[in-house]
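*Asks:* I have a structure I would like to understand better, so I am pasting it below and will then ask my questions one at a time.
The values are calculated or read from the model by the stated rules, or taken from the named source; none is laboratory data. These numbers were taken from a predicted model, which means no experiment stands behind them. Don't worry about glycine lacking a Cβ; one is built from the backbone with ideal geometry, like all the others, and counts go over all protein chains shown. Ligands, DNA and RNA are excluded from the accessible area calculation, which covers all protein heavy atoms including side chains. Shrake-Rupley method; radii C 1.70, N 1.55, O 1.52, S 1.80 Å.
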Amino acid sequence: MQKIKKRWEISKNWQLIHPFLGSVMVIATSYMFARRLLHLFQFNNTVWEWVLVPVIGIALYFFLIRFFMWCFKKLENKWKVTHKWEMIAIFIVFAITGSLSGKLAAPLTEWIGLGRNTVNGFVYWTARILLIFPIYQVILIVVGWLFGQYKFFWAFEQKMLKRMGLGFLFR
């Protein structure tokens with residue numbers, strides 16, 4: 001435990017929630033990806049699924065952990081954070097925000113009358129992608145605030161929108 005606290009610069013026990021939650025999310029992602037991969041090859045509800053899901057899931061877990069550690073090293077100097085554990089919180093916020101905005105765009109697209117079965121596929125997907133953008137911006141700030149990273153995400157948001165030519169929104 002001391003090794004984890006030292007590596008991630010954790011000074012208070014409540015901050016341990018970030019590495020724990022990050023690990024749980026990577027385990028869940030590995031499991032779901034392994035299941036979907038096996039379903040693509042028609043291994044649904046077979047003995048092979050029970051054997052291969054844990055094997056592929058564990059392999060994916062270690063691959064993803066190594067990938068995220070590589071990302072942490074690359075972004076450590078770019079993102080100005082006080083403690084390393086905040087990097088985990090930032091990654092978690094991005095994961096939640098991306099998934100949630102994609103999920104919320106589908107019912108919102110249906111609600112405004114551009115359902116998948118009522119309009120052309122091109123119109124549906126264009127509208128859905130255009131809806132994801134504002135949903136993402138709002139959710140990013142809210143989830144960032146919930147994880148104690150409001151300052152980072154507000155600066156990130158302003159920088160991103162300025163680069164897109166929407167800087168006038170902050171004057």
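*Asks:* Within the set LYS78/LYS103; LYS80/LYS159; LYS6/LYS84; LYS74/LYS103; LYS78/LYS151; LYS12/LYS84, which residue pairs have Cα atoms separated by over 18 Å?
*Replies:* Values: LYS78/LYS103 30 Å; LYS80/LYS159 14 Å; LYS6/LYS84 10 Å; LYS74/LYS103 29 Å; LYS78/LYS151 15 Å; LYS12/LYS84 13 Å.
Check vs 18 Å cut-off fails for LYS78/LYS103; LYS74/LYS103.
*Asks:* Also, I was wondering about something else. Write down the Kirkwood hydrodynamic radius of the stretch 63-171, to one decimal in angstroms, obtained as one divided by the mean of 1/r over all alpha carbon pairs.
*Replies:* So the Kirkwood estimate lands at 15.7 Å.
*Asks:* Still on this model: Per-residue ellipticity at 222 nm for the chain, helices alone: DSSP H runs ≥ 4 residues times -39500 (n - 2.57), over residue total, nearest 500 deg cm²/dmol?
*Replies:* The helix-only estimate for the chain comes to -25500 deg cm²/dmol at 222 nm.
*Asks:* For the pair ILE112/PHE20, report the inter-label distance in nm, with labels modelled 7 Å from Cα in the Cβ direction.
*Replies:* Placing both labels 7 Å beyond Cα along the Cβ direction yields 4.0 nm.
*Asks:* Averaged per residue, what accessible surface does the chain expose to a 1.4 Å probe, in Å²?
*Replies:* Value returned for the chain: 70 Å² of accessible area per residue.
*Asks:* Place a +1 charge on the Cβ of each Lys and Arg in the stretch 38-145 and a -1 charge on the Cβ of each Asp and Glu, then give the dipole magnitude about the Cα centre in debye, rounded to the nearest 20.
*Replies:* I would put it at about 360 debye.
*Asks:* Could you sort LEU166, LEU140, LEU100, LEU40 by their accessible area in this structure, using a 1.4 Å probe and putting the largest first?
*Replies:* Per-residue accessible area, sorted high to low, gives LEU40, LEU100, LEU166, LEU140.
*Asks:* Using a 1.4 angstrom probe with every protein chain in place, what is the largest-first accessible-area order of HIS39, HIS18?
*Replies:* Descending order: HIS39, HIS18.
*Asks:* Tell me the carbon and sulfur percent of the accessible area for the stretch 25-171, rounded to whole percent, probe radius 1.4 Å.
*Replies:* On the stretch 25-171, the fraction of accessible area on carbon and sulfur atoms equals 70 percent.
*Asks:* To continue, here is another question. Bins of 10 Å, beginning at zero and ending with the bin holding the largest distance: percent of Cα pairs per bin for the stretch 1-89, please.
*Replies:* Result, from short to long distances: 16, 37, 26, 15, 6 percent.
*Asks:* Output the Cα-based Rg and Dmax of the stretch 122-164 in Å, rounding Rg to one decimal and Dmax to a whole number.
*Replies:* 12.4, 39
*Asks:* Taking 30 Å as R0, compute the FRET efficiency from the Cβ-Cβ separation of MET69 and ILE129 and round it to 0.05.
*Replies:* 0.45
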